[in-house]
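Any read-out appearing in this document is the output of simple, stated calculations on the displayed coordinates, not a laboratory observation. Just so you know, these numbers come straight off a predicted model, no measurement behind them. Every residue, glycine as well, gets a Cβ built from its backbone with ideal geometry; the counts of neighbours run over all protein chains shown.
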Amino acid sequence: MVEGHQCHRVVHAHKKVLLGQRFRAASPNGKFMDGAKAIDQQPLTRIECHGKNLFYFFGEGEGAVVLHAHFGMSGAFKTLPRGGSPPETTPNTRLLLTGERVVALLSAMIVQHGGLDLYEEKVAKLGPDPLREDADKERLWAVMQKSKKSIGQLLMDQTAVAGIGNIYRAEILFKAGVHPEEPGRLVSREGFELIWRHSVDLLQRGFKSGSILTVDADEAKILGPPWQRRYIYNHKSCGRCGSAISTWIIQARTCYACLTCQPLQAGTELNPERAKILAAATGTKVFNSHCAPEPPRADSNPRSKAAAALGRLTVAALKEKLKELNEPLDGKKAQLVERLATALQTATLATTVGEEEGESAAEVAAGANALMKAEAAALQPGTQGLGHIATAEEAALEKARAGEGRNVEHVALETEGTLGLAATQSKTGAKAAPRRAAARMVKAEAPAAELPALQASGKLTIRKRRTASVAGRSTRSKSAAQTAEARGIGLDVPYEWGNPETTER
Ligand SMILES: [Zn+2]
């Protein structure tokens, strides 16, 4: 599924390269003929993204024609410089826009058109989108209070919150320490605040980097491979505690959870059907995305260390510290330890509960709590002021460097350059690199300095360049930067690949 951050990336790029222009519109596969006719040669005046829904406004004011697109599992909206001959289309190409200098090709599960009322109707049905400045988290909270659905269902329900897909669901709930089967109405306000905060934080990170990277930079260094990109999604074991990851199905999608880090709240009673499904949960059947995980040694894991240190405290001492953090005091000692470890984990994973630094656990926890509150206050939904947004090429290169195949995250933003940057798998995955991905390797336009090392490492395969042309001129011998410039999408801003967390927010 194309998740919300990828849709926002498409809109962000198209505001730069398409907005304000007029296009000849056609429907190469014949499935959007009326729509193409309605928007033909009308100026593109506005583009909006709500969750996984894109809206392109053609024409002015009340009479504008609105194109609504939803990518589904694997659509794309590609732009490339207009060449001498028409661009290649596929049986899935619903719309071809031909401008003066640029062409755009849309393939998506849903492409429809209508008036402004189409836009208003669609948007009214969607929950708040953490990547929109106007997102009101209280609407999600209100839905949770009334719903009979589990939080795992609600996060994927676009009418409750818009833009979150399966990978983000797994990672957001893990970071918030909330069990996916926890009924939405039983999630505490604190749990909700964590869920919202991580939703904004992770989707913004995905928007900026073009990759779903959920592990915090400092923690990525501690956890090491394979937990440097995601905590639990498609992993066999939890990088934090070493427990096996459980998987089961929630509404036809695989749900992932570490039941140690994400326990059901004490007293939660699941309905018999969900309890049965959960009881039958199995370990992760890792698909080929990156190196297969090896369970960490429990004693080398910082969280385990923290938990072990906390475990030496008396129940009274544990309760005292939990009280300082405004955490509940019920439950057995193991639950108290887990709760305190969770409360501490945000900012203090790297420390062994302050013992080595001479700080008490309470002091460390108080610091962590203050930091978290400050961070939460500073974190606003939306995409404004996020600094440099990685180009499609940079994002593709980041994935290539990590050895991540195109089968993990569906990329909807495609420019000519990224089509060639199909990553093959590093080491373990190399032999099983998806053939389709290999077949799509057309050409590469990565920053020149990066290429030799990537090719040598086997992380990047580059097929011989196909001649592309800009305004009738061959660009075969042009450098990546020059070609990018011709496309109007710049590679001029340096970007820290790998851990986007290392860049300023
Ligand atoms: Zn865990």
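Worth a mention:
- Between residue 315 and residue 279, the contour length at 0.36 nm per residue exceeds the Cα-Cα span by 9.9 nm.
- Estimated FRET transfer efficiency (residue 19, residue 252; beta-carbon r; R0 41 Å; 0.05): 0.65
- Cα point-scatterer Debye curve for region 60-141, base-10 log of I(q)/I(0) at q = 0.22, 0.24, 0.27 Å⁻¹: -1.11, -1.15, -1.20
- FRET efficiency estimate (nearest 0.05) - Cβ-Cβ, residue 325 to residue 148, R0 45 angstrom: 0.90
- Separation in nanometres of the label points that stand 7 Å from Cα toward Cβ, at residue 100 and residue 333: 7.7 nm
- Distance between the C-alpha centres of region 8-34 and region 133-160: 31 Å, rounded to the whole angstrom.
- Enclosing the Cα atoms of region 1-123 in their convex hull gives a volume equal to 90 cubic angstrom per residue.
- 27 Å Cα-Cα threshold exceeded, pairs from 16/208; 285/321; 175/321; 137/276: 285/321; 137/276
- In terms of the mean number of neighbouring beta-carbon atoms within 10 Å, the peptides 62-73, 138-149 order highest first as 62-73, 138-149.
- Legend: P(r) of region 127-294 from all alpha carbon pair distances, 5 Å bins from 0, whole percents, reading 1, 9, 18, 23, 21, 15, 9, 3, 0.
- Seen from residue 56, the other residues with C-beta closer than 9 Å to its C-beta sum to a net charge of 0, counting Lys and Arg as +1 and Asp and Glu as -1.
- Cβ-based exposure ranking for 209, 243, in which fewest neighbours within 10 Å come first: 243, 209
- Note on residue 116 and residue 89: the extension gain reaches 6.8 nm, defined as 0.36 nm multiplied by sequence separation minus the Cα-Cα distance.
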